[in-house]
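Asks: This is the structure I have questions about; it appears just below.
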Amino acid sequence: MSVIVNSLMSWKEATNGIAASSHRRPGWGLRFLHWWIQCSERSRQRQALAELDDHFLKDIGKTRQEAMAEAAKPFWK
């Protein structure tokens with residue numbers, strides 16, 4: 001999955017120059033792809049947060065309950 005997201009992010013970065021140079025808003029497909037990439041990354045980060053042990057959570061100033069509450073959020077929020 002991360003390979004797909006990384007390749008999509010590279011593709012998104014490459015197409016950003018095209019959209020910016022034409023001064024047009026990207027189509028719904030590119031907007032959806034951008035949204036999907038953001039949701040995927042957010043979900044991955046929340047999963048990683050949930051897997052941290054208490055020592056690392058303390059280092060970043062979070063409690064186990066805060067980490068689990070964040071990890072339980074839906075991917076679109």
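Asks: Using θ = phi - 60° and the Karplus form 6.51 cos²θ - 1.76 cosθ + 1.60, what ³J(HN,Hα) does each residue of segment 61-77 get, whole Hz, x for Gly and Pro?
Replies: x, 10, 9, 4, 5, 5, 5, 5, 5, 5, 5, 7, 5, x, 4, 8, 9
Asks: Probe radius 1.4 Å, ligands and nucleic acids left out: which of TRP76, TRP28 has the largest accessible area, and how do the rest follow?
Replies: If we order TRP76, TRP28 from most to least accessible, we get TRP28, TRP76.
Asks: Ok, one more. Once you put a point 7 Å from the Cα of ALA69 and another 7 Å from the Cα of HIS23, both along the Cβ direction, what distance in nm separates them?
Replies: Label-label distance for ALA69 and HIS23, simple model: 4.7 nm.
Asks: For LYS58 and GLN38, what is the calculated FRET efficiency with R₀ set at 25 Å and r taken between the beta-carbons, to the nearest 0.05?
Replies: Given R0 = 25 Å and the Cβ-Cβ separation, E is 0.30.
The values are calculated or read from the model by the stated rules, or taken from the named source; none is laboratory data. Since the model is a prediction, treat every value here as computed from it, not as a measurement. A quick note on method: Cβ atoms are made from the backbone with ideal geometry, for glycine too, and the neighbour counts reach across all protein chains shown. What goes into the accessible areas is simple: the full protein's heavy atoms, side chains included, and nothing from ligands, DNA or RNA. Shrake-Rupley method; radii C 1.70, N 1.55, O 1.52, S 1.80 Å.
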